[in-house]
Protein chains: 2
Amino acid sequence: MAMQARANQHLETMNFLNEIASDYPKAISFASGRPSESLFQTKMWVDALPRYLEYFALQCGCSLQGATQRLSQYGRTGGLINELVASQLTKDEGISCSGQQIIITSGCQEAITLTIQALCGHATDVIIVRNPCYIGITGAAHGCGIDLVAIDPPPGQSYAQALEKLVKELKALGRTPRAFYLTADFDNPTGSVLSMADRLAILTTCATYRIALLEDNPYGMFCFDGDRLPPMAALDREGVVIYLGTYSKTICPALRIGCIVIPQRLFGDQVASQRLAADLTQRKSFLTVNTSQFNQAVVGGVLLLENCSLLRLAKEATDYYRRNRDVLLGSLANAFDILGDDIAWNCPSGGFFLTADLPFIFDRNEAIKCAEKFDVILMPMSFFTLDGSRKTSIRIAFSNLECAEITLGVERFSDFVRQHL
Amino acid sequence: MAMQARANQHLETMNFLNEIASDYPKAISFASGRPSESLFQTKMWVDALPRYLEYFALQCGCSLQGATQRLSQYGRTGGLINELVASQLTKDEGISCSGQQIIITSGCQEAITLTIQALCGHATDVIIVRNPCYIGITGAAHGCGIDLVAIDPPPGQSYAQALEKLVKELKALGRTPRAFYLTADFDNPTGSVLSMADRLAILTTCATYRIALLEDNPYGMFCFDGDRLPPMAALDREGVVIYLGTYSKTICPALRIGCIVIPQRLFGDQVASQRLAADLTQRKSFLTVNTSQFNQAVVGGVLLLENCSLLRLAKEATDYYRRNRDVLLGSLANAFDILGDDIAWNCPSGGFFLTADLPFIFDRNEAIKCAEKFDVILMPMSFFTLDGSRKTSIRIAFSNLECAEITLGVERFSDFVRQHL
């Protein structure tokens, strides 16, 4: 049977992240999965705001000064730049949608909170996640008093099979699974990608049991090797996927701009889609009123300057993150060649994260020892599991480090591992 | 006995506001209490961001480019500009506090939601409001599943007496009142001011029963006549007041910057304050991660340019709003002189709102008739009461209209009233 969330697991993880970084400021940190500041196009943003104002003035049929004043006011709860975002999602992600299906949010975290609140109205409602999973969903669910249950298919079982089995178990217990939250591409914390077969089978299972698929897609644009698979929202034919987007990784986190994309016909029902949109909008109005129109204007201006596609910007970032991954893989191979099969890692084909499996338990105490004595910070994977499993695994974030730091950090970590063995 | 919130009353009100404005776009609207765009210092904001960046670079000991990159990242959940905000609150509001007591929020609405969530952990917990009250608290409470109860003291009874009576009634029912939410200065929707005696007596009652006083203060800086009374947070000696601030009216709404100020010793207990601060911060991290650092930088820059006081900016706005109030009072006197005592109104000494009492019921249908046939929009006061009372009162928002519109709008409204009689 599936696992219930450990109370406050996400808080422990958050606190650990905050504390260890400030307790060991000189350590090389593989803990934080932030985008690299070196990629921020700060000069472009200076041009983006006037570009959007020009566009907005034309839309409103008023002067630039009038457009500036209007932009500075309260605004539509659902957002201002919805059509531009819809164009970008259609072009870059293959998600054909209109601005009316979109709600602009104060970052993707608000999108997660609003969506799970709107979907789970009863105490018996449940959200399904994968194990391990992103702490943003664990924290949001805890904050809203919504129960999470995780699937963790054993070898030979697919995600769709595990999902179906879990749904039946939950229903037998009188619980109603309302949504399945996942990141299909370059998942945080594992760096893994769902196969095409898994995507299609999960969509079918979700449609059968009327479970919304919450697709969180912060890393999809950063694909290192070969062609990307389409996001699940682009494959959805049954109105199953509620897509959660963000510009924090492609533009920058300080804008706090995310979005929710509601399918045109939720489980085939257009009225249900409209009801969900209205519910989400009203919830947002009492959570944050509306999303900063200045920040929306910066994103809108970047989209206008880039012809509604972020592929050009993402290309540079992808090259940067790929190089980091390659340096990390090379460093791991160099450092651990003599250990053979005792330590293993995946080769993430995109995103910010790599998973490694150690021949011993790596928990909070080990992480602190490693930071204290070897000046390198790594995250125990068990921090991201609902049941505390994956005790010997670690998450290695490689997005916000220089190459030399990665090499040195891996050397230090290999000293720790060697001493441990 | 007190009144429970009518389910979805805030949603009806919101929907009415949105619909009537779009259904009658040519009508003069006294419905929306927005600040006037004409007051926005858009030119100043262009200087504010570089001013803050300079300050931030100095603080971080890095280059301007480095400061810009760092600002563009994720940031501290509790905020970046806390010390500047603390200085402004100390100077302008007489609220002596440090940055550590402050959490910067994505607008004051997030501050309200976070605070009531943190204070009300049990199903038996209750928030007390005044009747009528701001729909932002009604909506937030509904969204969080928290019960509201209102006090509405009859003539001869003070707020403190009504509060004490209600607290005893609630406790007898097994309910725990956790907080009393109010706007002491130029309240939305009534435009009224709590007397000094009321402020002090309410603080004492709150301290006695360990009820947090949530002071929402969007309008306090706009005092038209004589000297302002101190905010309740400035009078608080027992650690009772949790202050909710906003820059939406003094700078502009599009920044979405608000704050929570936690007393240094909550009910005399410093550890309780620290626990509350930690709880609020963690809740915020799973609601919106952190508040946009760009927008914080604009507010920070304005504060630096203005020597941490908004009095100069508020002076111009106060003159504008006072003039609007005077035109409104004059127009009402002109239009209704022959009706004598049948229609009466208060004289708000600050803020954005005036209350008028009519000799007939003014409900949703009347408001629509008035908009449709007389091209003027007014808000039934019953939309803001938890029990649907105040059926013959209206809220007149005068903040975002030109003088000529106010005069013409009141003339139209007086035609409606005359026809009605």
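The values are calculated or read from the model by the stated rules, or taken from the named source; none is laboratory data. Just so it is clear, the structure is predicted and the values come from calculations on it, not from any experiment. Don't worry about glycine lacking a Cβ; one is built from the backbone with ideal geometry, like all the others, and counts go over all protein chains shown. Accessible surface is based on the protein model in full, side chains and every heavy atom, while ligands, DNA and RNA are left aside. Shrake-Rupley method; radii C 1.70, N 1.55, O 1.52, S 1.80 Å.
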Residue selected from region B:1-37 under the condition at pLDDT 90 or above and within 12 Å of chain A (Cβ to nearest Cβ), by the criterion farthest from residue B:328 (Cα to Cα) = B:37
Residue selected from region B:38-69 under the condition at pLDDT 95 or above and charged (D, E, K, R), by the criterion farthest from residue B:320 (Cα to Cα) = B:54
Positions within region A:40-55 being within 12 Å of chain B (Cβ to nearest Cβ) and farther than 24 Å from residue B:250 by Cα, in sequence order | A:40, A:41, A:42, A:43, A:44, A:45, A:46, A:48
How many of the residues in region B:191-208 are touching a residue at least 40 places away in the same chain (Cβ under 8 Å) and of a type in the set (D, E, K, R)?
-> 1
Regarding residue A:128, is this residue touching a residue at least 60 places away in the same chain (Cβ under 8 Å) and open to solvent by less than 10 Å² (accessible area, probe 1.4 Å)?
-> yes
Starting from region A:307-335, keep only residues that are touching a residue at least 12 places away in the same chain (Cβ under 8 Å), then list their pairs with residues that are in a helix (DSSP H, G or I) and open to solvent by 60 Å² or more (accessible area, probe 1.4 Å) whose Cβ atoms are within a distance under 7 Å, requiring at least 6 positions of separation or different chains.
-> A:308/A:91; A:309/A:91; A:335/A:411
Take residue A:257 and decide whether it is touching a Phe, Trp or Tyr at 6+ places or on another chain (Cβ under 6 Å) and either at pLDDT 95 or above or closer than 26 Å to residue A:393 by Cα (or both).
-> yes
Selection from region B:219-232 of residues open to solvent by 20 Å² or more (accessible area, probe 1.4 Å) and in contact (Cβ under 8 Å) with a residue 40 or more places away in the chain yields B:221, B:223, B:225, B:226, B:228, B:229, B:230
Could you say whether any residue in region A:341-356 is surrounded by fewer than 19 Cβ atoms within 10 Å (Cβ to Cβ) and in a helix (DSSP H, G or I)?
-> yes
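Matching residues to (1) part of a helix (DSSP H, G or I); (2) touching a residue at least 40 places away in the same chain (Cβ under 8 Å); (3) at positive phi:
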| residue | (1), (2), (3) |
| --- | --- |
| A:367 | yes, yes, no |
| A:371 | yes, yes, no |
| A:383 | yes, yes, no |
| A:387 | no, yes, no |
| A:390 | no, yes, yes |
| A:395 | no, yes, no |
| A:400 | no, yes, no |
Within region A:205-218, restricting to residues that are under 19 Å from residue A:120 (Cβ atoms) and in contact with a strand residue (DSSP E or B) (Cβ under 8 Å, 6 or more places away or on another chain), the one that is most open to solvent (accessible area, probe 1.4 Å) is A:209
Residue B:170 more than 14 Å from residue B:213 (Cβ to Cβ) and at pLDDT 95 or above = yes
Only listed residue being in a helix (DSSP H, G or I) and within 22 Å of residue B:286 (Cα to Cα), chosen from B:160, B:141 = B:141
Any idea which of (1) under 21 Å from residue B:33 (Cα atoms); (2) part of a helix (DSSP H, G or I); (3) in contact with a helix residue (DSSP H, G or I) (Cβ under 8 Å, 6 or more places away or on another chain) is the one residue B:301 doesn't satisfy?
-> (1)
Does region A:92-104 include one or more residues that are within 13 Å of chain B (Cβ to nearest Cβ) and either β-branched (Val, Ile, Thr) or in contact (Cβ under 8 Å) with a residue 12 or more places away in the chain (or both)?
-> yes
Residue count for region B:233-248, restricted to those that are assigned to a strand (DSSP E or B) and open to solvent by 10 Å² or more (accessible area, probe 1.4 Å) = 1
Selected residue (criterion: farthest from the other protein chains (Cβ to nearest Cβ)) from residues of region A:226-272 that are of a type in the set (S, T, N, Q) and within 16 Å of the chain's Cα centre (by Cα) | A:250
For residues in region B:107-120 being open to solvent by 10 Å² or more (accessible area, probe 1.4 Å), part of a helix (DSSP H, G or I) and over 11 Å from residue A:287 (Cβ atoms), which is nearest to the other protein chains (Cβ to nearest Cβ)?
-> B:108
Please work out which residue is farthest from residue B:233 (Cα to Cα), limiting yourself to region B:73-121 and to residues that are under 18 Å from the mean Cα position of the chain (by Cα) and of a type in the set (Ser, Thr, Tyr).
-> B:106
Residues of region B:402-421 satisfying the condition of being part of a helix (DSSP H, G or I) and not hydrophobic (A, V, I, L, M, F, W, C) = B:405, B:407, B:409, B:411, B:412, B:414, B:415, B:418, B:419, B:420
Which condition does residue A:123 not pass, out of (1) assigned to a loop (DSSP other than H, G, I, E, B); (2) closer than 25 Å to residue A:312 by Cα; (3) without any contact (Cβ under 8 Å) to a residue 40 or more places away in the chain, if it passes all the others?
-> (2)
From the residues in region B:287-340 that are within 14 Å of chain A (Cβ to nearest Cβ) and among the β-branched types (Val, Ile, Thr), which one is surrounded by the most Cβ atoms within 10 Å (Cβ to Cβ)?
-> B:291
Could you name every one of the helices (runs of 4 or more DSSP H) located completely within region A:1-90 that has at least 2 residues being touching a residue at least 40 places away in the same chain (Cβ under 8 Å) and open to solvent by 50 Å² or more (accessible area, probe 1.4 Å)?
-> A:9-23, A:42-60
Could you say which residue among B:104, B:137 is under 29 Å from residue B:34 (Cα atoms), in contact with a Phe, Trp or Tyr (Cβ under 9 Å, 6 or more places away or on another chain) and crowded, with 21+ Cβ neighbours inside 10 Å?
-> B:137
Taking the condition in contact with a Pro (Cβ under 9 Å, 6 or more places away or on another chain), in a helix (DSSP H, G or I) and more than 17 Å from residue A:218 (Cα to Cα), does residue A:325 pass?
-> yes
Please specify each residue of region A:249-286 satisfying the condition of being assigned to a strand (DSSP E or B) and surrounded by fewer than 22 Cβ atoms within 10 Å (Cβ to Cβ).
-> A:269
